[in-house]
Amino acid sequence: MAFVRAILAAYARQGMAPTGALAVAQITPAQARQVRGRITAAQMELLSGHAMQELDDESLGWSHRRLPWGSYGMLIRASLSAPTLGVALKRWCRHHGLICDNVALRVEAGPGPGEDAAIVLEEREPLGQGREFCMVSLLRNLHGVACWLIDSRLGLQAAEFPYAAPPHADVYPLIFPGPIVFAPPGDPAAPAQARLRLDRRYLELPIRRDEKALRQMLQRALPLTVLPYRRDRLLVRQVRQALLQQPEAAHNAAALAALLHLSARTLHRQLKEEGTSLQALKDEVRREHAVDLLHRSRQPIKQVAAAVGFLNEKSFSRAFKGWTGHTPAAYRDRPG
């Protein structure tokens, strides 16, 4: 309800009554006053969509320069022709600065392949009571735009906010798919920046949307500001990376899912949607690792078996023959 009250404050600043918006979302005035009250994601979509149009302000009050209805659609349209998500996000952030000057957005990405990336929201002017709502709604909207552009769930390594955890902090994991980090209470050194940290490989994914898809999406009021995508086109890569880098911590589906901030059921379902399975990926990673060790070293087969996660040489040899048609020893001794 803290976010509902932020929208009601925008109505108050314009001297307008929120009666219609509350009615559309089926929220009573009494419910809106409940300190620990909750609404569904669908209600939030209805409330914010109606308010954006009625107030003619897509910032819903946090920007001192009103963002007329259609502003974010214009930003998305300007990003559609980008070849990759990284280029699209940089365009979106740059163009956002042309219509809003009390916050600045940018994309940061290190030059190395192993470095992560971040979408950074910097507070240029004090946002006052609208600070939390601005940072949450703007970053969630941009995250939703990114997911929509690549038609994929975009996992986060962390969502970081420069303020202490609010009373409703348990809502944040429902909005941002990843670990949530708040500033320590009363920390004077907390930067005036919020960040979404992500795997930089997302920035290399191609844009999968076009003008027709944009027109269809905009028939509703940006239905991507709350409800997250379920499918992640990078999940196979993330699973492979975890199996290679942390095999001891990814020995079963539950442990691996915990590493990736998913449930085991979601992990299995999303891998199936991407056309594979956890067992198939395990076999693939083990096979590649085993082949590499057999080519590069003269380790005994027993040691190779242990290195790739088998309890004994016999089970390894049986699995390896199933993968390649050769026993490990015969594969190593093949000519060429």
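Say we look at the range 9-37 and pick out the residues that are without any contact (Cβ under 8 Å) to a residue 40 or more places away in the chain and within 28 Å of the chain's Cα centre (by Cα); which of these is farthest from residue 59 (Cα to Cα)? Let's see the steps before the verdict.
First pass over the range 9-37, keeping only residues without any contact (Cβ under 8 Å) to a residue 40 or more places away in the chain: 12, 15-34, 37.
If we keep only those that are within 28 Å of the chain's Cα centre (by Cα) as well, we get 25, 37.
On the way: 25: 19, 37: 23 Å.
Top of the filtered list is 37.
Is one or more of the residues making up the range 256-268 β-branched (Val, Ile, Thr), under 16 Å from the mean Cα position of the chain (by Cα) and modelled with pLDDT of 85 or more?
yes
If residue 127 satisfies every condition in (1) touching a helix residue (DSSP H, G or I) at 6+ places or on another chain (Cβ under 8 Å); (2) among the hydrophobic types (A, V, I, L, M, F, W, C); (3) surrounded by 19 or more Cβ atoms within 10 Å (Cβ to Cβ) but one, which is the exception?
(3)
Given the structure, is residue 173 outside any loop (DSSP other than H, G, I, E, B) and surrounded by fewer than 15 Cβ atoms within 10 Å (Cβ to Cβ)?
Yes, satisfied.
From the residues in the range 179-198 that are surrounded by fewer than 18 Cβ atoms within 10 Å (Cβ to Cβ) and within 15 Å of the chain's Cα centre (by Cα), which one is modelled with the lowest pLDDT? Spell out how you get there, then give the answer.
Start the filter on the range 179-198 by keeping residues that are surrounded by fewer than 18 Cβ atoms within 10 Å (Cβ to Cβ), which leaves 179-193.
Next, only the ones that are within 15 Å of the chain's Cα centre (by Cα) stay: 179-181.
Numbers: 179: 90, 180: 94, 181: 94.
Only one residue fits best here, namely 179.
Go through the range 47-152 and tell me which helices (runs of 4 or more DSSP H), entirely inside it, have 3 or more residues that are within 26 Å of residue 31 (Cβ to Cβ) and touching a residue at least 60 places away in the same chain (Cβ under 8 Å).
Values: elements: 71-79, 85-99, 131-150.
Answer list for the range 47-152: 131-150.
Per-residue answers, yes or no, for (1) in contact with a Phe, Trp or Tyr (Cβ under 9 Å, 6 or more places away or on another chain); (2) in contact (Cβ under 8 Å) with a residue 24 or more places away in the chain; (3) part of a helix (DSSP H, G or I):
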{"residue": "248", "(1), (2), (3)": "no, no, yes"}
{"residue": "285", "(1), (2), (3)": "no, yes, yes"}
{"residue": "305", "(1), (2), (3)": "yes, no, yes"}
{"residue": "330", "(1), (2), (3)": "no, no, yes"}
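Go through (1) more than 27 Å from residue 267 (Cα to Cα); (2) surrounded by 18 or more Cβ atoms within 10 Å (Cβ to Cβ); (3) touching a Leu at 6+ places or on another chain (Cβ under 8 Å) for residue 162 and report which single condition fails.
(3)
Let's see how each residue does on (1) out of contact with any strand residue (DSSP E or B) (no Cβ under 6 Å at 6 or more places or on another chain); (2) not basic (Lys, Arg):
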| position | (1), (2) |
| --- | --- |
| 124 | no, no |
| 136 | yes, yes |
| 148 | yes, yes |
| 153 | yes, no |
| 168 | yes, yes |
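The values are calculated or read from the model by the stated rules, or taken from the named source; none is laboratory data. Quick caveat: nothing in here was measured; it's all calculated off a predicted structure. In this analysis, Cβ positions are derived from the backbone assuming ideal geometry, glycine residues included, and neighbour counts consider all displayed protein chains.
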